[in-house]
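Worksheet: one structure, shown below.
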Amino acid sequence: MSNFDQFDFHQASPLINEDTEFFPLMSPEDEEEMNNEQTPEILSILPLRNTVLFPGVVIPITVGRDKSIKLIKDAYKGDKIIGVVSQKDVNVEDPTFEELNTVGTVAVIVKMLQMPDGNTTVIIQGKNRFQLGELNQSEPYIKASVQKFVEIRPKVDKEFKAMVASVKELAMQIIQFSPNIPSEAALAIKNIDSLPFLINFISSNMNATVADKQLMLEVANLRDRANLVLTHLSAELQMLELKNQIQSRVKVDLDKQQRDYFLNQQLKTIQEELGGNSPDMEIDDLRKKGSKKQWSKETSIHFNKELDKLARMNPAAADYSVQINYLEVLLDLPWGTFTKDNFDLKRAEKILDKDHYGLDKVKKRIIEYLAVLKLKHNMKAPILCLVGPPGVGKTSLGKSIAKALGRKYVRMALGGIRDEAEIRGHRKTYIGAMPGRVIQSLKKAGSSNPVFVLDEIDKVGNDFRGDPSSALLEVLDPEQNNAFADNFVELDYDLSNVMFIATANSLSSIQPALLDRMEIIEVNGYTIEEKVEIAKKHLLPKQKETHGLKAKDIALKPTIIEKIIEDYTRESGVRSLEKTIGSVVRGAATKIAMEEEYNTNFSYEDVQKTLGPAFFDKDAYEGNDVAGVVTGLAWTSVGGDILFIEASLSPGKGKMTLTGNLGDVMKESAVIALAYIRAHAEDLGIDYRVFDQWDLHIHVPAGATPKDGPSAGITMLTALTSVFTQRQVKNHLAMTGEITLRGKVLPVGGIKEKILAAKRANIKDVILCKSNEKDILEIKADYIKDMSFHYVSNMLDVVKLALMPNKVKNALNIVYRDEKKQESVS
């Protein structure tokens, strides 16, 4: 038993259960004697957790709490009189006086038994009700003053007698509907002559919550209490009738299943006589299909074994349809079925160039793969991962590659997948089991060597259902995927001929072990020149076709397209550009549909009428008119961007404040830059007292946007040096690079996106780490011919390149505090 006081007498049945011991019933004379008994002024209070004691009713309770055991033993040695009160909250282990109900029942301890398990069982009989007064003591158990509860006995008229008769009749019906209640219960209720005791007896034994029973106990008027009991009994009887109806209906359903079985057997015989498709014929059909499949000996043995198991099954069994579904999946998979690769490399180059402008690195890798496959005729397919910002054509590249190779194309979106079974499938024993999406995609393709695009692999999640990233490890491992195990198929399937192409926006969220299995190819953003060509060759013709326009209905000159790119889009890809061109084309379509005249050669004014005012300023560069403002280059998930770092000084005690929603790495860059400047103040021409007597504030605008990363290191250094020396930064200059305490400048990533952002902002000079020179060489020279790049490896070189000399004498007019005197220092 548990360590709390528990009522275990009749919890199993609606009214009384089969284990109920019927104690001698109370006669009217006994009841009258009980009501005339005096209620003690002070009582020891026994809290009950899950029942309510009514006057005249005898119940056993199991006592488990130390306080309660102490109370029972003391009372049993004395007058055996206690007060029994139910708790307000049954979940409270040790209730206080305030957590007890205010109305309880005086009880006499009839018998106390020590049980074999160590618990104490007490048989108590309720006497009369009382009202709790004031608390007298809390330890070792509760004692309180009590007052007798005044009961109102109604006039016994016809209506009251009818109500009591209804209560008794409902109780008898409940006993009749409950097979677990012994017939003695009905006899006991019949033999009760006292009306109050009848109401108390049924209230105590009915199926109601402790709160409902406590409410019945607190009702002073016997007529009202009888009405309340009648309401509860009516609801309980309706519930039992409904339960019996449901059980009867279930029995009918079982009989129906047996009837259906016999009918199915007769139908099977009739179908055999008529030559219909009986289960045996289905099995023969599956066996014929299996004999034509080009699968291994092991697969063939497994298929025939499962087919024999199906033949032994009863067609009416639930597992029969599951087994048929499993065998049909095995038959539908393209075991040993391959499409023939097209090794015309010139044709492949033309298809790739036609479908995608630029992306030379990806195209070169595909041609290399085709060339080796043409020479060797047997090669494990590479696992390529195209990484880049949204809208650069990573997913559509898969279609072009499939077209160039002459292979089937399938795509599987991984964004938001959290269930490992999506990759590996479910066990076929589960209801609704199906293969994983890898096997399902191959089944749909009908080929074992398709081009398989795994879209948004960086957005795979994980939770309590498993880790899909880990399940992909086997799929994307060239050394293991020749025997991929799907939980549903239960056979190894060869994926080594599938050309997997994964796409991602960022590598940071991909599991390192998964990243190690793929060949990473960066698909960077497009330059304005590339975007113009893409719009001319792909986007504009596509939008014309989508909106039902002919080629002559609208024309956009390259200069107009360039203005659209600069004024209405700001992205690395071309997805927003396609939407914007679509808006322009819809404007022309509206004019045609309304039969209005318009200029087919759209001018920039026509574009503005359709799209509205320009969204973006081409020249986002704001200039460096004051010292302490520096332009930096940043990488975002949608491409490159420029940001400004501002620094200012104010009189103080050398405190540094950072604002602008900065991450930990960016904050560390500011600390490193300040530490380096303090250590090299003399080389930079800075008076050392400025560090102790002036507060420094660094801010990166667009404070609502989170910013982090080491790329702003040299930008922080330049901003601090500029504000300490009051030397302005050169115009149209931007920079990016990581710094160290030793004064080294380290390389950073995303260079192409950053350079494209700098060009969009009309930046002319860019300072980079010497190690990033190779990244600049990968950009076509025509795209950056108007820009100058300065490569550095030392932090002092950054300051020399970035800051202008002071032309005004006493430019830094700061008054420093000195212990002996004050002096103005330039």
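The values are calculated or read from the model by the stated rules, or taken from the named source; none is laboratory data. Predicted model only: the values in this text are computed from it and were never measured. All Cβ positions, glycine included, derive from the backbone under ideal geometry; neighbour counts span all protein chains shown.
Given (1) among the β-branched types (Val, Ile, Thr); (2) over 14 Å from ILE383 (Cβ atoms); (3) in contact (Cβ under 8 Å) with a residue 12 or more places away in the chain, identify the lone condition not met by ILE431.
Result: ILE431 passes all but (3).
Provide a single number: the residues in segment 165-186 that are within 58 Å of the chain's Cα centre (by Cα) and in a helix (DSSP H, G or I).
Within segment 165-186, the first condition is being within 58 Å of the chain's Cα centre (by Cα), and the residues that meet it are 166-186.
Now drop any that are not in a helix (DSSP H, G or I), which leaves 166-177, 184-186.
Here the count works out to 15.
Inspect segment 412-420 for any residue being more than 14 Å from THR503 (Cα to Cα), out of contact with any Leu (no Cβ under 6 Å at 6 or more places or on another chain) and in a helix (DSSP H, G or I) and give the result as yes or no.
no
Can you spot a residue in segment 705-716 that is in the same structural domain as LEU658 (by TED's automatic domain parsing), buried (at least 24 other Cβ atoms within 10 Å of the Cβ) and of a type in the set (Val, Ile, Thr)? Steps first, answer last, please.
Filtering segment 705-716 for residues in the same structural domain as LEU658 (by TED's automatic domain parsing) gives 705-716.
After this cut, where a residue has to be buried (at least 24 other Cβ atoms within 10 Å of the Cβ) as well, the list is 711-716.
So of that shortlist, the ones also of a type in the set (Val, Ile, Thr) come out as 714-715.
Within segment 705-716 (the criterion being in the same structural domain as LEU658 (by TED's automatic domain parsing), buried (at least 24 other Cβ atoms within 10 Å of the Cβ) and of a type in the set (Val, Ile, Thr)), the answer is yes, since at least one residue qualifies.
Only one residue in MET787, MET795 is in contact with a Phe, Trp or Tyr (Cβ under 7 Å, 6 or more places away or on another chain) and over 20 Å from LEU359 (Cα atoms), so which one is that? Spell out how you get there, then give the answer.
Details: MET787 fails: in contact with a Phe, Trp or Tyr (Cβ under 7 Å, 6 or more places away or on another chain).
Exactly one residue qualifies, and that residue is MET795.
Restricting attention to segment 472-503, and to residues there that are of a type in the set (Gly, Ala, Ser) and in contact (Cβ under 8 Å) with a residue 40 or more places away in the chain, which single residue is nearest to ALA445 (Cα to Cα)?
Within segment 472-503, the subset of a type in the set (Gly, Ala, Ser) is 483, 485, 496, 502.
Then keep just the ones that are in contact (Cβ under 8 Å) with a residue 40 or more places away in the chain; that gives 485, 496, 502.
Values: ALA485: 19, SER496: 16, ALA502: 18 Å.
Across segment 472-503, the extreme among qualifying residues is SER496.
Tell me which residues, restricted to segment 413-470, are of a type in the set (Phe, Trp, Tyr) and either assigned by TED's automatic domain parsing to the domain that holds GLU306 or modelled with pLDDT under 85 (or both). Step through it out loud before you land on a result.
Filtering segment 413-470 for residues of a type in the set (Phe, Trp, Tyr) gives 430, 452, 464.
Once the filter is applied, which keeps residues that are of a type in the set (Phe, Trp, Tyr) and either assigned by TED's automatic domain parsing to the domain that holds GLU306 or modelled with pLDDT under 85 (or both), segment 413-470 yields TYR430, PHE464.
Please give the number of the condition ALA107 fails out of (1) surrounded by fewer than 20 Cβ atoms within 10 Å (Cβ to Cβ); (2) in contact with a strand residue (DSSP E or B) (Cβ under 6 Å, 6 or more places away or on another chain).
(1)
Does segment 509-516 contain any residue that is of a type in the set (Val, Ile, Thr), touching a helix residue (DSSP H, G or I) at 6+ places or on another chain (Cβ under 7 Å), in contact (Cβ under 8 Å) with a residue 12 or more places away in the chain and assigned to a loop (DSSP other than H, G, I, E, B)?
Looking for residues that are of a type in the set (Val, Ile, Thr), touching a helix residue (DSSP H, G or I) at 6+ places or on another chain (Cβ under 7 Å), in contact (Cβ under 8 Å) with a residue 12 or more places away in the chain and assigned to a loop (DSSP other than H, G, I, E, B), one finds at least one in segment 509-516, hence yes.
When you scan segment 522-537, how many residues do you find that are of a type in the set (Asp, Glu) and within 14 Å of ASP353 (Cβ to Cβ)?
First pass over segment 522-537, keeping only residues of a type in the set (Asp, Glu): 522, 529-530, 533.
Adding the requirement that they be within 14 Å of ASP353 (Cβ to Cβ) leaves 530, 533.
Residues that pass the stated criteria total 2.
For segment 440-460, give me the residue count where each residue is surrounded by 23 or more Cβ atoms within 10 Å (Cβ to Cβ) and in a helix (DSSP H, G or I).
The first filter runs over segment 440-460 and keeps only residues surrounded by 23 or more Cβ atoms within 10 Å (Cβ to Cβ), leaving 442, 449-454, 457, 460.
Among the residues that remain, those that are also in a helix (DSSP H, G or I) are: 442, 457.
Going through segment 440-460 one residue at a time, the tally reaches 2.
Just to be sure, is ARG575 in contact with a helix residue (DSSP H, G or I) (Cβ under 9 Å, 6 or more places away or on another chain) and charged (D, E, K, R)? If you could, list the steps in order and put the result at the bottom.
Values: in contact with a helix residue (DSSP H, G or I) (Cβ under 9 Å, 6 or more places away or on another chain): no; charged (D, E, K, R): yes.
So ARG575 does not fit the description; no.
Residue by residue through segment 462-512, note down the ones that are within 23 Å of the chain's Cα centre (by Cα) and surrounded by fewer than 15 Cβ atoms within 10 Å (Cβ to Cβ).
Those that are within 23 Å of the chain's Cα centre (by Cα) and surrounded by fewer than 15 Cβ atoms within 10 Å (Cβ to Cβ): ASP463, PHE464, ARG465, SER506, SER508, SER509, PRO512.
Determine whether segment 641-651 contains at least one residue that is surrounded by fewer than 16 Cβ atoms within 10 Å (Cβ to Cβ) and at pLDDT 90 or above. So that I can check it myself, show each step before the final result.
Here is the first cut: in segment 641-651, the ones surrounded by fewer than 16 Cβ atoms within 10 Å (Cβ to Cβ) are 650-651.
Now narrow it down to the ones that are at pLDDT 90 or above: 650-651.
Checked segment 641-651: at least one residue is surrounded by fewer than 16 Cβ atoms within 10 Å (Cβ to Cβ) and at pLDDT 90 or above.
Could you grab me the full set of residues in segment 518-533 that are assigned to a loop (DSSP other than H, G, I, E, B), in contact with a strand residue (DSSP E or B) (Cβ under 6 Å, 6 or more places away or on another chain) and either hydroxyl-bearing (Ser, Thr, Tyr) or at pLDDT 85 or above (or both)? Don't jump to the end; show me each part of the working.
If we filter segment 518-533 for residues that are assigned to a loop (DSSP other than H, G, I, E, B), which is where we start, we get 518, 523-527.
Next cut, in contact with a strand residue (DSSP E or B) (Cβ under 6 Å, 6 or more places away or on another chain) only: 518, 523, 525.
Result: MET518, single match.
When you scan segment 187-220, how many residues do you find that are outside any helix (DSSP H, G or I), within 16 Å of THR105 (Cα to Cα) and more than 52 Å from the chain's Cα centre (by Cα)?
So the first thing to find is which residues in segment 187-220 are outside any helix (DSSP H, G or I), and the list is 191-194, 206-209, 219-220.
Narrowing the set further to residues that are within 16 Å of THR105 (Cα to Cα) leaves 219-220.
Filter again for more than 52 Å from the chain's Cα centre (by Cα), leaving 220.
Number of matching residues: 1.
Any chance you could count how many residues in segment 637-695 are assigned to a helix (DSSP H, G or I) and not β-branched (Val, Ile, Thr)? Spell out how you get there, then give the answer.
So in segment 637-695, the residues assigned to a helix (DSSP H, G or I) come out as 664-679, 681-684, 690-693.
After this cut, where a residue has to be not β-branched (Val, Ile, Thr) as well, the list is 664, 666-670, 673-676, 678-679, 681-684, 691-693.
Count: 19.
Is it the case that some residue within segment 679-690 is surrounded by 24 or more Cβ atoms within 10 Å (Cβ to Cβ) and not acidic (Asp, Glu)?
Scanning segment 679-690 turns up no residue that is surrounded by 24 or more Cβ atoms within 10 Å (Cβ to Cβ) and not acidic (Asp, Glu).
On the given criteria, is GLU159 of a type in the set (Asp, Glu) and not in a helix (DSSP H, G or I)? Quick ask: steps written out before the conclusion?
On the way: of a type in the set (Asp, Glu): yes; not in a helix (DSSP H, G or I): no.
No; evaluated as a whole, the condition is false for this residue.
Hey, can you tell me all the residues within segment 74-96 that are farther than 21 Å from LEU215 by Cβ and surrounded by 14 or more Cβ atoms within 10 Å (Cβ to Cβ)?
Taking segment 74-96 first, the residues farther than 21 Å from LEU215 by Cβ are 74-82, 93-94, 96.
Those that are farther than 21 Å from LEU215 by Cβ and surrounded by 14 or more Cβ atoms within 10 Å (Cβ to Cβ): ALA75, TYR76, LYS80, ILE81, ILE82.
Let me confirm something: among VAL156, VAL164, which residue is at pLDDT below 85, over 25 Å from GLU41 (Cβ atoms) and either surrounded by 16 or more Cβ atoms within 10 Å (Cβ to Cβ) or in contact with a helix residue (DSSP H, G or I) (Cβ under 7 Å, 6 or more places away or on another chain) (or both)? Talk me through it step by step, then tell me what you get.
Numbers: VAL156 fails: either surrounded by 16 or more Cβ atoms within 10 Å (Cβ to Cβ) or in contact with a helix residue (DSSP H, G or I) (Cβ under 7 Å, 6 or more places away or on another chain) (or both).
After ruling out the rest, the residue left standing is VAL164.
Under 6 Å between Cβ atoms, at least 6 apart or on separate chains: pull out the pairs that start in segment 99-125 with a residue that is touching a residue at least 60 places away in the same chain (Cβ under 8 Å) and within 22 Å of LYS148 (Cα to Cα) and end on any residue that is surrounded by fewer than 19 Cβ atoms within 10 Å (Cβ to Cβ) and among the hydroxyl-bearing types (Ser, Thr, Tyr).
VAL106/THR39
Where residues in segment 128-148 are surrounded by fewer than 20 Cβ atoms within 10 Å (Cβ to Cβ) and under 20 Å from THR51 (Cα atoms), which of them is nearest to the chain's Cα centre (by Cα)?
Restricting attention to segment 128-148, the residues satisfying the condition of being surrounded by fewer than 20 Cβ atoms within 10 Å (Cβ to Cβ) are 128, 131, 133-140, 143, 145, 147-148.
Going one step further and asking which of them are under 20 Å from THR51 (Cα atoms), we end up with 128, 131.
Numbers: ASN128: 58, GLN131: 54 Å.
The selected residue is GLN131.
Restricting to helices (runs of 4 or more DSSP H) lying wholly in segment 719-806: which have 2 or more residues that are over 45 Å from the mean Cα position of the chain (by Cα) and either at positive phi or in contact (Cβ under 8 Å) with a residue 24 or more places away in the chain (or both)?
Of the helices (runs of 4 or more DSSP H) lying wholly inside segment 719-806, those with at least 2 residues that are over 45 Å from the mean Cα position of the chain (by Cα) and either at positive phi or in contact (Cβ under 8 Å) with a residue 24 or more places away in the chain (or both) span 795-802.
Yes or no: LEU696 within 19 Å of HIS790 (Cα to Cα) and over 33 Å from the mean Cα position of the chain (by Cα)? Walk me through how you get there before you give the answer.
Working: within 19 Å of HIS790 (Cα to Cα): no; over 33 Å from the mean Cα position of the chain (by Cα): yes.
So LEU696 does not fit the description; no.
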